[in-house]
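The values are calculated or read from the model by the stated rules, or taken from the named source; none is laboratory data. On a predicted model such as this, the values are computed, not experimentally measured, just so you know. Virtual Cβ from ideal backbone geometry, glycine too; neighbours counted across all protein chains shown. In case anyone asks, the SASA skips ligands and DNA or RNA and just uses the protein heavy atoms, side chains included. Shrake-Rupley method; radii C 1.70, N 1.55, O 1.52, S 1.80 Å.
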Amino acid sequence: MSILHGLVILSLVIFIAAIVARAVRIMRTPIHLRWELYPVPHEKGRAAHGGSMLEETDWWTKSKDKDHLGELGVMIPEILLLKGVWEHNRKLWFSSWGMHFGLYLLIGHLALVTLLGILGVAGLDLSTGFLSILVSLLKALAIVGGALGLLGSVILFVMRLSDNGMKRFASPSHFVNLIHLGAIYLTTLLWALLDPQYALHSVGLLAGLVSFGEIPALPVVGYVNIAVVLLFFVYLPFTHMTHFFTKYFTYHEVRWEDEPNMPGGPLEGKIAAAVSQPVTWAAPHIGADGKKNWVDLVSGTGKVDDEKKEA
Amino acid sequence: MGVVYCSCGPANVKEMSEPSEQLAHVELKDLPPLPPPYDNIEELPGFKKLKDETREEYEASLDDTLAASLKKPKSEEEEKEMVERFLSGLHKLFTKENNWTFLQPLLLSMEHCAKCQTCVEDCPIYEESGHNELYRPTYRSEILRRLYFKYVKNGNKWFNTFQQGGIELNWTLISRLFELSYRCTLCRRCAQSCPIGVDNGLITHELRKLFSQELGWSPEELHGKGTIQQMEVGSSTGMNKMVVMDNIEFIDDDMTDRVGFDVKTPWDVEGADVLLLENAGEFLAWPENHGCSSILLDAAGISWTMSSELAGYDGVNYGLFYDDVQLARVATRHFEIAKKLGVKKIVMGECGHETKALGVIADRVGIGNIPRESILTLMRDIVFSGKIKFNPEKNDFPVTLHDPCNIVRNLGIVQPQRDILNYLAPRFREMTPHGVRNYCCGGGSGFAIMSKNNFLDWRNHISSRRKFRQILEAFQDEDMSPETKKYVCAPCSNCKGSIRDMLDFYGAKEKSGIYYGGLVELIVNAMEDAREPILDWDMM
Ligand code: SF4
Ligand code: SF4
Ligand code: SF4
């Protein structure tokens, strides 16, 4: 095992551990009050006009079937095409889409390299047949992904500096992040363009990594590329860029979370746990003493008496 | 300290903490012009300046108006103490014990904003203020976000500042931030357009909660005269049981005279199917709304009742706008009353925030819920039940529909009101945009009942401007003279209040013949058997 093996493992462990920790932290927050925002795409037959089951009289007696395909119909164009940005912020769309789609292509490229690396280790011949087509696809993916991502990152960088709104809220990290992403795209692009053995090298690299075997000597740009990619894995989980997966929660756990609290239903237990917690808000009208919980505070007339005391 | 009197907003987030006479200012000439005949600034009502005495007494260094009206502290010690208390509230806002109600959505909105500004053009306040930077939806969110990363979020302080940018916490900042949390109607239009799912409306809501629940700061209209009065006296209008019953009796008699058949509101009927819970403001400002609901429920043969219990006759819940504990208290009271009466369901009247608060938000404040539904869906079923004969020709005038944010964007009740209007209002036309992409009337989040100082001027010039523009545009294919009466149907009490104020402010009735009212009035106006039309243009 080489230093490179060690670094790859370390960065992947940090990446996965930090992502899991963030996801667990979000999932462990208590049940929250309903705060859905229409249109909710799983509303069968009503999503097109933004309707909900509340459009029915006695809705609690009716079927609450969810249209999960409808959710995919929103998520897929949103993720692949950044539909929201297209509709609400057209001037940002190309650069943001380029930056994101370039990344998707490189992720696809990485998956393909990994697959080919494993197949190579398994002894399959990558130089003939269908597998050879996949090998040649690698270079195309790296070039298109790298170029698109680089273009997007450069334009975004300029916009962060010049756009009236974006520059007002730009922090140092925005520029560093874009430089970092730009470096990933640029080094991928240069490596693919300048190295005649690009496909062999990258597949060999992955094969060496997954088999803990020997890694072929790479051009300098290849090493730089590995360094910036690994650094990104370590850095990303601590930034707002985790929205790539927390978006799942903002959509499914907030925007589209419309589960009614039915008597005897599954939510009651979670609510009971939430309302039994002690409250320490200090405003006098709350009447909290650190021992009283939500149920104590909302029932009865404690609040009114407190108001009188204040007056 | 210099006087800032350009028509502009703050240059950056840090200015929020820097003392100055006024952080932002709006010149009427910089607002996007309205269509004629409302395009001449000289002929429009002005924007009154805050009085010097008011500026002396209250913290008024944010912009041209005061909504929350915070008194100036007496000493620097008091300022420091408030800052400490704010900080303690900031921490509580991110604990599961104190804020289980919204912790998850808040954390998600705090930590994942890309600061891409995709949401901003969808905010009617920002747009119609001539893009004043103070009202950018992301501005107040950014302040809370930076405070969170600096004072609450674990991790290396340097790294957090590198990620989010810095901010200085001081009295200037918190006193302005309190006011600024009352420059957003919580309409959540911006949240719809955020690709990541960050919700600037929610962030405003959480800020208001922090101020109310920790420091006891909130506008008098929402708290003292709002939730407190509702629970002490029975209604935020100040009406006690006797007064409300008297009023309703008067409304019943008046309606009986007008429609020619008996109208009588049933009180405290145990075991009725439906408890009708309306915004009590209707009984004073728009009595026909209750009268018509009463007529419709009777005509459909529904077993219903009202409650004379404390707060049982007022469905408002201003807690929704500023304080989760108050929200839960009012909602719990409503649930208890319904349970005691043994009704099968609560039907919530034409009030957007009531329907959102009781129908959805309060769904999880307690155990053993009573079913609730909006009167809009019930009315649709009644209208199409065949039990009542209608003559849509009675509504032969141009009608447009205002979609209350709380009804559409927050509850997904979009179609029932349209089904009714398509059937009973032959000259119905939509606003653009409408449905879940509607614009707020400008009175959301309590603004409709807030008019102290010159806040009404701010509201009418800025937060209601987009709605006024939409209303004018909806009728553009009609004769815009006052002779052709036009009706804005607003199935929400708060929205009606705000539309009333804007139409008065711009003189739209006199200049363009634009009137407004609820939905049930249009339904009853079209009833074949009613002796007189319910809509009396001279009285509107
Ligand atoms: S709230 Fe959403 S749309 Fe607005 S700046 Fe943040 S990420 Fe962008
Ligand atoms: S919630 Fe509405 S008023 Fe508030 S910032 Fe968003 S769009 Fe503007
Ligand atoms: S007042 Fe009406 S339009 Fe405005 S936020 Fe409330 S429901 Fe929406």
message = List, by residue number, every residue in segment B:115-148 with a reduction of 30 Å² or greater in accessible area between the chain on its own and the complete protein assembly, 1.4 Å probe.
response = B:Lys115, B:Cys116, B:Gln117, B:Thr118, B:Glu133, B:Arg136
request  = Post the alpha-carbon centroid distance, segment B:318-364 to segment B:83-162, in whole angstrom.
outcome  = 28 Å
task = Using label points projected 7 Å from each Cα along Cα→Cβ, tell me how many nm separate B:Ser88 and A:Val24, to one decimal.
result = 3.3 nm
key: Within the accessible area of chain A (1.4 Å probe), percent carbon and sulfur   = 71 percent
note = With +1 on the Cβ of every Lys and Arg and -1 on the Cβ of every Asp and Glu, the dipole magnitude of segment A:226-300 about its Cα centre, in debye rounded to the nearest 20, is 220 debye
task = Provide the FRET efficiency to the nearest 0.05 for the A:Tyr104-B:Asn12 pair, computing r from the beta carbons and using R0 = 41 Å.
result = 0.75
inquiry  = Between 0 and 90 degrees, rounded to the nearest ten: what's the tilt of helix B:200-210 against the longest Cα principal axis of chain B?
reply    = 80 degrees
inquiry  = Considering just Cα atoms, how many Å³ per residue does the convex hull of chain A enclose?
reply    = 229 Å³
key: Length added when fully stretched, A:His5-A:Ser132, from 0.36 nm per residue minus Cα-Cα   = 43.1 nm
inquiry  = Just checking the output field for A:273-280: average partner chain Cβ neighbours within 10 Å of each residue's Cβ?
reply    = 5
message = Report the Cα centroid-to-centroid distance between segment B:229-261 and segment A:81-160 in angstrom, as an integer.
response = 67 Å
key: chain B: calculated mean residue ellipticity at 222 nm from DSSP helix runs of at least 4, using -39500 (n - 2.57)   = -11000 deg cm²/dmol
query = How big is the charge dipole of segment A:1-109 about its Cα centre, in debye rounded to the nearest 20, if each Lys and Arg gets +1 on its Cβ and each Asp and Glu gets -1 on its Cβ?
reply = 380 debye
note = For chain B, the percent of accessible surface on carbon and sulfur atoms (probe 1.4 angstrom, ligands and nucleic acids excluded) is 51 percent
request  = Provide a list, ordered by number, of residues in segment B:78-100 showing at least 20 Å² less accessible area with every protein chain present than when their chain is taken on its own, using a 1.4 Å probe.
outcome  = B:Lys92, B:Lys96, B:Glu97, B:Asn98, B:Trp100
task = Output the peptides B:259-270, A:104-115 sorted from most to least packed, where packing is the average of other Cβ atoms within 10 Å over each peptide's residues.
result = A:104-115, B:259-270
Relative packing of B:175-183, B:96-104, which averages over residues the other C-beta atoms within 10 Å, highest first = B:175-183, B:96-104
request  = Counting other Cβ atoms within 10 Å, keep those with at most 10, restrict to DSSP loop, and tell me which trypsin sites (Lys or Arg not before Pro) in segment B:486-518 are left.
outcome  = none
ask   = Within 10 Å of each Cβ of A:23-35, how many other protein chain Cβ atoms are there on average?
value = 6
task = Per residue of segment A:227-242, in order, report the coupling 6.51 cos²θ - 1.76 cosθ + 1.60 (Karplus, θ = phi - 60°) as ³J(HN,Hα) in whole Hz, putting x for Gly and Pro.
result = 4, 5, 5, 5, 4, 5, 4, 6, 8, 3, x, 9, 10, 5, 5, 5
inquiry  = Taking θ = phi - 60°, what integer Hz values does the Karplus form 6.51 cos²θ - 1.76 cosθ + 1.60 yield along segment A:13-24, in sequence order, with x for Gly and Pro?
reply    = 5, 4, 4, 5, 5, 5, 5, 4, 4, 5, 4, 5
request  = Could you give the C-alpha radius of gyration of chain B expressed as a fraction of 2.2 N^0.38 Å, taking N as the number of residues it contains?
outcome  = 0.98
task = For A:Ile16 paired with B:Glu249, estimate the spin-label separation in nm (one decimal), with each label point 7 Å from Cα along the Cα-to-Cβ line.
result = 7.6 nm
query = How many nm is it between the label spots at B:Arg531 and A:Leu194, if each spot is 7 Å from the Cα in line with the beta carbon?
reply = 9.5 nm
task = Could you rank the peptides B:336-346, B:229-239 by their average count of other C-beta atoms within 10 Å per residue, with the highest value first?
result = B:229-239, B:336-346
message = What does the structure give for B:105-113 when I average, per residue, the other chain Cβ atoms found within 10 Å of the residue Cβ?
response = 6
task = Could you size up the charge dipole of chain A around its Cα centre, putting +1 on the beta carbon of Lys and Arg and -1 on that of Asp and Glu, and report it in debye to the nearest 20?
result = 640 debye
message = Keeping every protein chain present and rolling a 1.4 Å probe, give me the accessible area per residue for the protein assembly as shown in Å².
response = 37 Å²
request  = Scan around B:Leu401 for amide H atoms under 5 Å from its own, H built in the peptide plane at 1.01 Å from N, and keep only partners 5 or more places away or cross-chain.
outcome  = B:Arg429, B:Met431, B:Cys489
note = When A and B pair up, the total accessible heavy-atom area removed from solvent (1.4 Å probe), in Å² to nearest 100, is 8100 Å²
ask   = Taking accessible area as the heavy-atom solvent-accessible surface of the protein chains with a 1.4 Å probe, which residues of segment A:65-98 lose no less than 50 Å² upon going from the isolated chain to the full protein assembly?
value = A:His88
query = For segment A:201-217 and segment B:466-540, what is the separation of their Cα centres, given in Å?
reply = 74 Å
remark   = Taking only the alpha carbons of segment A:1-153, the radius of gyration and the largest Cα-Cα distance, Dmax, both in angstrom, are 22.2, 68
Modelled FRET efficiency - R0 30 Å, B:Glu510 with B:Phe384, Cβ distances, 0.05 increments = 0.20
message = Along its three principal axes, how long is segment B:228-525 when you only count alpha carbons? Whole Å, largest extent first please.
response = 53, 46, 33
Residues with amide H under 5 Å from that of B:Tyr515, placed H, sequence gap 5 or more = B:Lys486, B:Tyr487, B:Val488
inquiry  = Greater than 23 Å separation of Cα atoms is the criterion. Which listed pairs, A:Lys44/B:Lys115; A:Lys83/B:Lys14; A:Lys292/B:Lys96; A:Lys167/B:Lys71, meet it?
reply    = A:Lys44/B:Lys115; A:Lys83/B:Lys14; A:Lys167/B:Lys71
ask   = Among the lysines, which fall within straight-line cross-link reach of B:Lys264, defined as a Cα-Cα distance under 24 Å, with same-chain neighbours fewer than 8 residues apart omitted?
value = B:Lys241, B:Lys339, B:Lys340, B:Lys344, B:Lys345, B:Lys387, B:Lys389
inquiry  = From the phi angles alone, apply the Karplus equation (6.51, -1.76, 1.60; θ = phi - 60°) to segment B:213-221 and give each ³J(HN,Hα) in whole Hz, x where the residue is Gly or Pro.
reply    = 6, 9, 9, x, 9, 6, x, 3, 5
ask   = Check B:Arg372: other-chain or 5+ apart residues with amide H under 5 Å from its amide H, H built from backbone geometry?
value = B:Ile346
